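Peer 1: For reference, the structure I am asking about is given below.
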Amino acid sequence: MSHNFYCGIDFGTSNSSVAFAGLRQKPVLVPVEGQKNTIPSTIFYETGKSAPVFGNEAITAYINGEQGRFMRSLKRVLGTDLMSAGTVVNGKSVKFENILAQFIKHLKVKAEVISEEEIKHVVMGRPVHFRDNDENGDKAAEAELKQIAAKAGFENIVFQYEPIAAAYAHEAGIRGEKLACVIDIGGGTSDFTIIRLGGKLKTKTDRKDDILANSGVRIGGNDFDKNLCISDFMPALGMKTTYGGKNLPVPSSQFFDLAEWSKVNGAYSFQNQRIIRQVLTEAHDADKYSRLLELIEKEKGHELLGQVETAKIALTENEENTQILEFLQGMPHIKSTRRNFNLSIKDNVNKTVQAVKECLSQAQTKAENINLIILTGGSSEIPFVQKSLCSIFPHAEISGENKLSSVGLGLAYDSLRRFA
Ligand SMILES: Nc1ncnc2c1ncn2[C@@H]1O[C@H](COP(=O)(O)OP(=O)(O)OP(=O)(O)O)[C@@H](O)[C@H]1O
Ligand SMILES: [Mg+2]
């Protein structure tokens, strides 16, 4: 069998894509869901069936109330203790490694439909830091992802930072030489690269000298969902209400877990149900607090977070939004404003600004010298995020096409450079 094709996989916290290239094939994105080049990074295991479904099919099955287990934000599990602990699917304990390998394999097969031959070489994208200030956790996460790619059938597996890949994808359209800062604000992480692009540099095979610095933090759209969920949605489920003769606040950990995509399934535990039932007998706002139990019993955590995410995205376009949650008894309509949302994410956004400044200092350059900003990742659409980050650079032009697929395409450019 010949090996004429090399691929790149952007396994994202929220969305994934795959692109391939060959000696006689310029890098192209592969249709992964109908004609679309990106697919939500979701899996649904229907009870009683061995093969899972992926992407929007998985979301639809879960929303329609099919019996089974829904998973999202699996990338956030890499490098954490959950990785070895596993999760329960169809009554059996399953390793996350195997679940993730099924998703990566799904992407591989989509590429092979187009290439019409097996693809063994892959450049996997990775955030600059999977975890903050935890070098061992970070190394573990990459090693786990490598193992997963091998399990999916790849034989030659290398890694590239996601923002560098985004830079390569944009480079094709750049005239003249630029000093660029890539700003990639995704679902799970924010990643930055300062890199020289364009002109004659495009044809160089070794780009090491052009990459001046990389930085990143484990903050992304998932955290903004969490911020909005805690501030606007959880009070209607009894967060911060009290119980018992001593007026103690109700436990908060269940609310925080349910506000985090990767921890929702864990929040459904029997232990949590027991605690909540106990507290409910003495709750002062039982109307509200009983909705927490209802949410857990009905396993509607992902649906709640889905509504939070919808509200968040609506606030990119509008100053206000109202969300109607019909799956919980007597749930009031949740009204959110952009102003409050901005306040709720402010600390996280400040941390991303700090990470950009760190990137500049590592690169030993000044913000004034950057003449191009490459804006990518879904969360870079948030007006407050965009403004906070872009205003660091007074003289830069902004390029922001294909925010959801540029990393995948850029990884295929890199794949060609490294393997061909
Ligand atoms: N218009 C929008 N306004 C605000 N947020 C948005 C918008 N569109 C998408 N998002 C958010 O962007 C995130 C997904 O972005 P993206 O697909 O770039 O992430 P990812 O590549 O999967 O994650 P990562 O790179 O961090 O692993 C989600 O949190 C989503 O809610
Ligand atoms: Mg991404």
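Each reported figure results from applying straightforward, stated rules to the coordinates on display, with no laboratory input. Bear in mind that the values here come from a model prediction, so they are computed numbers and not experimental data. Cβ sites come from the backbone with ideal geometry, for glycine too, and all protein chains shown count toward neighbours.
Peer 1: Under a point-charge model restricted to the Cβ atoms of Lys and Arg (+1) and Asp and Glu (-1), what is the dipole moment magnitude of the chain relative to its Cα centre, in debye to the nearest 20?
Peer 2: Using Cβ point charges on Lys, Arg, Asp and Glu, the chain gives about 480 debye.
Peer 1: Right, next: Which of rounded, prolate, oblate describes the chain, given a ≥ b ≥ c as roots of the alpha-carbon gyration tensor eigenvalues and a/c under 1.5 marking rounded, otherwise prolate only if a/b is larger than b/c? All intermediate terms of the calculation are to be shown ahead of the outcome.
Peer 2: On the way: a/c = 2.19, a/b = 1.44, b/c = 1.53.
Oblate, because a/c is 1.5 or more while a/b does not exceed b/c.
Peer 1: Separate question: Among 306, 224, 247, whose Cα projects farthest towards the positive end of the dipole of the chain, with charges put on the beta-carbon of Lys, Arg (+1) and Asp, Glu (-1)?
Peer 2: With unit charges placed on the Cβ atoms, the residue in question is 224.
Peer 1: A further question on this structure: For residue 398, enumerate residues with amide H under 5 Å from its amide H, sequence gap 5+ or separate chain, H modeled in the peptide plane.
Peer 2: Correct list: 373.
Peer 1: Please check: in the Gaussian network model of the chain (C-alpha springs, under 10 Å), which one of 375, 248, 82 has the largest mean-square fluctuation.
Peer 2: 248
Peer 1: I need the GluC sites (Glu not before Pro) found in region 334-405, filtered to DSSP loop residues with at most 13 other beta carbons within 10 Å of theirs.
Peer 2: Passing sites in region 334-405 are 401.
Peer 1: How large is the dipole of region 222-342 about the Cα centre if only Lys and Arg carry +1 and Asp and Glu carry -1, each at its Cβ, rounded to the nearest 20 debye?
Peer 2: 360 debye
Peer 1: Based on other C-beta atoms within 10 Å, arrange 6, 62 from fewest to most.
Peer 2: Ranking 6, 62 by Cβ neighbours within 10 Å, fewest first, gives 62, 6.
Peer 1: While we're looking at this one, here's another question. Suppose we keep just the DSSP beta bridges with both residues in the chain; what percent of those would be antiparallel, to 5?
Peer 2: Expressed as a percentage, antiparallel bridges in the chain total about 70.
Peer 1: Select from region 317-407 those trypsin sites (Lys or Arg not before Pro) which occupy a DSSP coil region and have at most 12 other Cβ atoms within 10 Å, ordered by residue number.
Peer 2: 366
Peer 1: Would region 222-342 count as rounded, prolate or oblate if I go by the C-alpha gyration tensor, calling it rounded below 1.5 in a/c and otherwise prolate when a/b exceeds b/c, oblate otherwise?
Peer 2: It comes out prolate by the Cα gyration axes.
Peer 1: Okay, next question. Taking only Cα atoms, what is the 0 to 90° angle, nearest 10, from helix 270-280's long axis to the longest principal axis of the chain?
Peer 2: 40 degrees
Peer 1: To continue, here is another question. Which of 54, 369, 355 sits farthest toward the positive end of the charge dipole of the chain, with +1 on the Cβ of Lys and Arg and -1 on the Cβ of Asp and Glu?
Peer 2: Result: 369.
Peer 1: Report, in deg cm²/dmol and to the nearest 500, the calculated mean residue ellipticity at 222 nm for the chain, where each DSSP H run with n ≥ 4 adds -39500 (n - 2.57) and the sum is divided by the residue count.
Peer 2: -12000 deg cm²/dmol
Peer 1: So how tilted is helix 96-115 from the main axis of the chain? Cα-based, degrees 0 to 90, rounded to 10.
Peer 2: Once rounded, the angle reads 40 degrees.
Peer 1: With a ≥ b ≥ c taken as the square roots of the eigenvalues of the C-alpha gyration tensor of region 93-146, please select rounded if a/c is under 1.5 and otherwise prolate if a/b is larger than b/c or oblate if it is not?
Peer 2: The shape class here is oblate.
Peer 1: Which of 121, 170 comes first, and how do the rest follow, when ranked by fewest Cβ neighbours within 10 Å?
Peer 2: Placing the least packed residue first, the sequence is 121, 170.
Peer 1: Set Lys and Arg Cβ to +1 and Asp and Glu Cβ to -1, take the dipole of the chain about its Cα centre, and tell me which of 292, 393, 261 lies farthest positive.
Peer 2: Farthest towards the positive end: 393.
Peer 1: How would 303, 112, 135, 282 line up from fewest to most surrounding beta-carbon atoms within 10 angstrom?
Peer 2: Numbers: 303 21, 112 18, 135 9, 282 15.
Starting with the residue having the fewest Cβ neighbours, the order is 135, 282, 112, 303.
Peer 1: Let me ask something else. Going by amide H atoms built from the backbone, whose H comes under 5 Å of the H on residue 242, apart from near neighbours?
Peer 2: Distant-sequence amide H within range of residue 242: 250, 284, 285.
Peer 1: Within the set 178/200; 200/387; 110/139; 108/300, which residue pairs have Cα atoms separated by over 23 Å?
Peer 2: Result: 200/387; 110/139; 108/300 exceed 23 Å.
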